[in-house]
Amino acid sequence: MNATDGLEPIQEPADTTNGGRPTGGSPIRIGALVPLSPPGWVEAGQHLLTGLELAVRDVNDDGGINGRPLELAIRNTAADPQTAAAAMDELAALGVAAVAGEYHSVVARAAAIRADALELPFLCSSAVLDALTDRPTEWVARLAPAQSHGWRVYADFLLAAGHSRIALAAQPSVYWASGTAILRDHLTARGGTVMELDMRALTPTDVCEALVDHRATALLLLVGHPEPAASIVKSVRRDQRLAEVVIGAPAGQPEFAEWASLLGNDGASIAFLRYLPERLSHLGARVEADLRRQLGKAPSFVAFEGYDTIAVLADMLRSHGTDRPRIAESWRRVAVEGTRGQIRFSRTPGISVWQWAWPPTQVVDRNPAEPNRFRILHTA
């Protein structure tokens with residue numbers, strides 16, 4: 001997601017074992033980067049952290065890491081790249097074996113660049129920006145698919161649904177600019193046309209007029225949540241001239257309960273990317289039930305990403321110990337059954353970090369008849 005300019009002081013360590021049966025030996029610490037306060041997307045951060053913590057609890061319930069308990073050293077990034085980079089410095093000095101997490105792409109990029117410089121293993125859970133680092137690195141791996149993969153899947157969904165005249169309502173940021181370029185290149189190469197709407201200069205009413213003038217059949221929201229996304233949705237939904245225009249949000253804003261509570265029925269039928277299989281495995285179903293109990297609501301795919309992050313790191317720690325260079329050297333040997341399938345890392349063309357290629361990818365929306373339920377529209 002988009003980064004913001006606000007600064008948030010690094011919090012004091014919040015180190016947890018999340019229960020678990022007693023294990024001997026000193027704890028093994030893993031750093032955890034999550035957005036837990038505005039201007040970060042707090043709900044996404046809560047889901048990510050819940051997945052991380054649940055996995056730590058399960059690891060400790062199963063005896064820990066060769067008898068030693070696992071702990072999280074949690075740092076709130078508040079969606080700020082400078083805060084994330086400073087947190088990496090602090091966690092490295094604290095002696096963590098590796099760092100996990102982060103949701104916002106531009107923030108994860110700052111963390112990944114710093115991890116490379118510090119020679120600190122970092123497994124990025126949720127950020128999708130292709131260029132997580134400026135150069136190829138052995139120190140960083142990623143679970144989430146690269147933006148170029150997921151957003152091309154989304155573009156194929158639009159074309160298959162008959163949409164060739166597409167408008168992008170976008171705000172300035174590295175993340176949105178990257179998404180715009182991916183969509184424009186993929187769609188125009190297949191006969192589509194793309195109109196870019198600069199939301200620095202336009203109001204939601206202006207967006208409606210532009211959609212009418214250009215006869216667009218689909219509008220994609222490449223903007224922050226809740227605003228201006230919510231205002232754009234409301235304006236388009238209330239304009240009778242645009243009754244047939246499809247709204248999309250590839251970055252996944254409609255995934256979270258806050259979207260449904262804010263927009264109600266207006267927030268339904270807005271397609272977004274979600275990184276889940278059509279059917280969860282036995283492990284995935286068990287974790288889903290535990291996450292639901294912890295969150296008090298249905299878990300998002302971000303919570304599963306958090307769980308899988310710890311599952312991978314725990315397996316690496318059991319096999320290779322806590323030595324940072326040995327951990328970084330072992331990405332290529334990972335073969336872990338996660339909640340969404342078997343996780344392996346490889347070198348993917350155009351991607352500078354070790355990459356799971358690829359997690360299951362869906363295009364889904366909220367069912368207009370039941371806005372709290374999702375419909376799968378497309379899979380890849």
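The values are calculated or read from the model by the stated rules, or taken from the named source; none is laboratory data. The model shown is predicted, which means the values in this text are computed figures rather than measured ones. We place every Cβ from the backbone using ideal geometry, glycine too, and count neighbours over all the protein chains shown. Quick note on the areas: whole protein, heavy atoms, side chains included, nothing else; ligands and nucleic acids left out. Shrake-Rupley method; radii C 1.70, N 1.55, O 1.52, S 1.80 Å.
Please state the shape class of the chain: rounded when a/c is under 1.5, otherwise prolate if a/b exceeds b/c and oblate if not, all from the C-alpha gyration tensor. Write down the numbers at each step before the final one.
Numbers: a/c = 1.90, a/b = 1.76, b/c = 1.08.
Because a/c hits 1.5 or more and a/b exceeds b/c, the chain counts as prolate.
What ranking of SER330, SER26, SER235 comes out by heavy-atom accessible area, probe 1.4 Å, highest first? Present the calculation step by step, with values, prior to reporting the outcome.
Values: SER330 0, SER26 65, SER235 35 Å².
From most accessible down to least: SER26, SER235, SER330.
Can you list, bin by bin at 5 Å, the percent of alpha carbon pairs in region 178-317, starting at 0?
Here the calculated profile for region 178-317 is 2, 8, 16, 17, 16, 13, 10, 8, 6, 2, 1, 0.
Once amide H atoms are built 1.01 Å from N in the peptide plane, which residues 5 or more positions from LEU197, or in another chain, come under 5 Å H to H?
Amide H neighbours of LEU197, under 5 Å, 5+ apart: LEU168, ALA169, ALA170.
Order SER269, SER105, most accessible first, counting only protein heavy atoms with a 1.4 angstrom probe.
Most to least solvent-accessible, the answer reads SER269, SER105.
For region 252-315, what are Rg and Dmax over the alpha carbons, in angstrom?
13.4, 43
Share of the chain's accessible area from carbon and sulfur, percent, 1.4 Å?
Values: 6990 of 14480 Å².
The C+S portion of the solvent-accessible surface of the chain is 48 percent.
Compute the angle between helix 42-61 and the longest alpha-carbon principal axis of the chain, please, reported from 0 to 90 degrees and rounded to the nearest 10.
Between the helix axis and the principal axis of the chain, the angle is about 30 degrees.
What accessible area per residue, rounded to a whole number of Å², is obtained for the chain using a probe radius of 1.4 Å? Please report the intermediate quantities before stating the final value.
On the way: 14480 Å² over 380 residues.
Value returned for the chain: 38 Å² of accessible area per residue.
Starting at 0 and stepping by 10 Å, how many percent of the alpha carbon pairs of region 97-143 end up in each bin?
Once binned at 10 Å, the Cα pair distances of region 97-143 give 33, 63, 5.
Rounded, prolate or oblate: which fits region 283-380, taking a ≥ b ≥ c as square roots of the Cα gyration tensor eigenvalues, rounded meaning a/c under 1.5, else prolate when a/b beats b/c? Kindly include the intermediate steps, with their values, before the conclusion.
Details: a/c = 3.24, a/b = 1.68, b/c = 1.93.
It is oblate, given that a/c is not under 1.5 and a/b is not larger than b/c.
Summing +1 for each Lys or Arg and -1 for each Asp or Glu, what net charge is found among the other residues whose Cβ lies under 10 Å from the Cβ of ARG375? Write out the running numbers ahead of the final one.
Details: positive: ARG366, ARG373; negative: ASP365, GLU370.
Cβ neighbours under 10 Å give a net charge of 0.
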